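The values are calculated or read from the model by the stated rules, or taken from the named source; none is laboratory data. No experiment lies behind these values; they were computed from the predicted model shown. With ideal geometry, Cβ positions are generated from the backbone for all residues, glycine too; neighbour counts draw on all protein chains shown.
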Amino acid sequence: GESVGLHLPTLSVQEGDNSIINCAYSNSASDYFIWYKQESGKGPQFIIDIRSNMDKRQGQRVTVLLNKTVKHLSLQIAATQPGDSAVYFCAEKDGNEKLTFGTGTRLTIIP
Amino acid sequence: NAGVMQNPRHLVRRRGQEARLRCSPMKGHSHVYWYRQLPEEGLKFMVYLQKENIIDESGMPKERFSAEFPKEGPSILRIQQVVRGDSAAYFCASSQLAGAQGYTFGSGTRLTVV
């Protein structure tokens, strides 16, 4: 079946450096993508989203890139801080109401 | 404006008991979604409800699981005769409109079946 998956389960980054988290999706009908951050014991927190008619969107310290040709999504976090340590999930929608989540990447910021 | 409220935060049940998880959506939100998360995994869709209606229950197990969102009161996810495999975090999310771009998640209920 269709699935959303991630390339790397864990990522360690030095504080202050930039980080890139990748996500591959397989549903070509997906038209909306979201990145969520989940801290231990908490629910997913919206970070940034992008529609399929765009290839890049920027927020505060975060950028999402979408490559529809290879069905690839990435989240870039600039100047990482200790508070960025969390598990990051990509999720996609294909027009219905449910989100399909990837398995997550655990980002650890090294002081 | 309070966010999505879920209770209890932690729930322990013995095998064979019933578990009831409650979700109060954000004020003004009439769409509720339930997701389940196993340890070290992503969230899996279970059910989408509007007031008094189940819209999509394609992710719900066929037996023992049910959900409701009454006209008054919170949405309830009910698991009958729990088994160890039901141990997971259950998250509720809500949105104001159908087709909302993203929606707001609650902090979840962590169910442990012993």
### Summary
Looking across region A:78-111 at residues that are at pLDDT 95 or above and not in a strand (DSSP E or B), the single one that is farthest from the other protein chains (Cβ to nearest Cβ) is A:Ala79
### Message
Restricting to region A:39-61, and then to whatever is assigned to a strand (DSSP E or B) and surrounded by 17 or more Cβ atoms within 10 Å (Cβ to Cβ), can you tell me which residue is farthest from the chain's Cα centre (by Cα)?
### Response
A:Ile50
### Task
Filter region A:32-56 for residues that are within 12 Å of chain B (Cβ to nearest Cβ) and over 23 Å from B:Trp34 (Cβ atoms) and give the result.
A:Ile48, A:Ile50, A:Arg51
### Query
For region B:82-114, which residues satisfy the criterion of being farther than 19 Å from B:Arg14 by Cα and more than 10 Å from every other protein chain (Cβ to nearest Cβ)?
B:Ser94, B:Gln96, B:Leu97
### Scope region B:31-55; condition away from chain A (no Cβ under 13 Å) and touching a Ser or Thr at 6+ places or on another chain (Cβ under 9 Å); matching residues
B:Lys51
### Query
Take the residues of region B:6-21 that are within 15 Å of B:Phe105 (Cβ to Cβ) and crowded, with 17+ Cβ neighbours inside 10 Å: which is farthest from the other protein chains (Cβ to nearest Cβ)?
B:Leu21
### Query
Are any residues in region B:56-81 touching a residue at least 40 places away in the same chain (Cβ under 8 Å) and either within 14 Å of chain A (Cβ to nearest Cβ) or of a type in the set (Val, Ile, Thr) (or both), and if so, which ones?
B:Ile76, B:Ile79
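Residues are listed down the side, and each one gets a yes or a no for (1) modelled with pLDDT under 95; (2) closer than 23 Å to A:Ser40 by Cβ; (3) hydroxyl-bearing (Ser, Thr, Tyr):
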{"position": "B:Ala2", "(1), (2), (3)": "yes, yes, no"}
{"position": "B:Asn7", "(1), (2), (3)": "no, yes, no"}
{"position": "B:Arg14", "(1), (2), (3)": "no, no, no"}
{"position": "B:Arg36", "(1), (2), (3)": "no, yes, no"}
{"position": "B:Glu68", "(1), (2), (3)": "no, no, no"}
{"position": "B:Gly73", "(1), (2), (3)": "yes, no, no"}
{"position": "B:Gln80", "(1), (2), (3)": "no, no, no"}
{"position": "B:Gly108", "(1), (2), (3)": "no, yes, no"}
### Summary
Of the residues in region A:5-24, those that are part of a strand (DSSP E or B) and modelled with pLDDT of 90 or more come to A:Thr10, A:Leu11, A:Ser12, A:Val13, A:Gln14, A:Ser19, A:Ile20, A:Ile21, A:Asn22, A:Cys23, A:Ala24
### Message
Name the single residue that is surrounded by the fewest Cβ atoms within 10 Å (Cβ to Cβ) among those in region A:11-33 being hydrophobic (A, V, I, L, M, F, W, C) and either free of Cβ contacts under 8 Å to residues at least 40 places away in the same chain or closer than 19 Å to A:Ser52 by Cα (or both).
### Response
A:Ala29
### Task
Would you check if A:Tyr36 is farther than 26 Å from B:Arg9 by Cβ and within 13 Å of the chain's Cα centre (by Cα)?
no
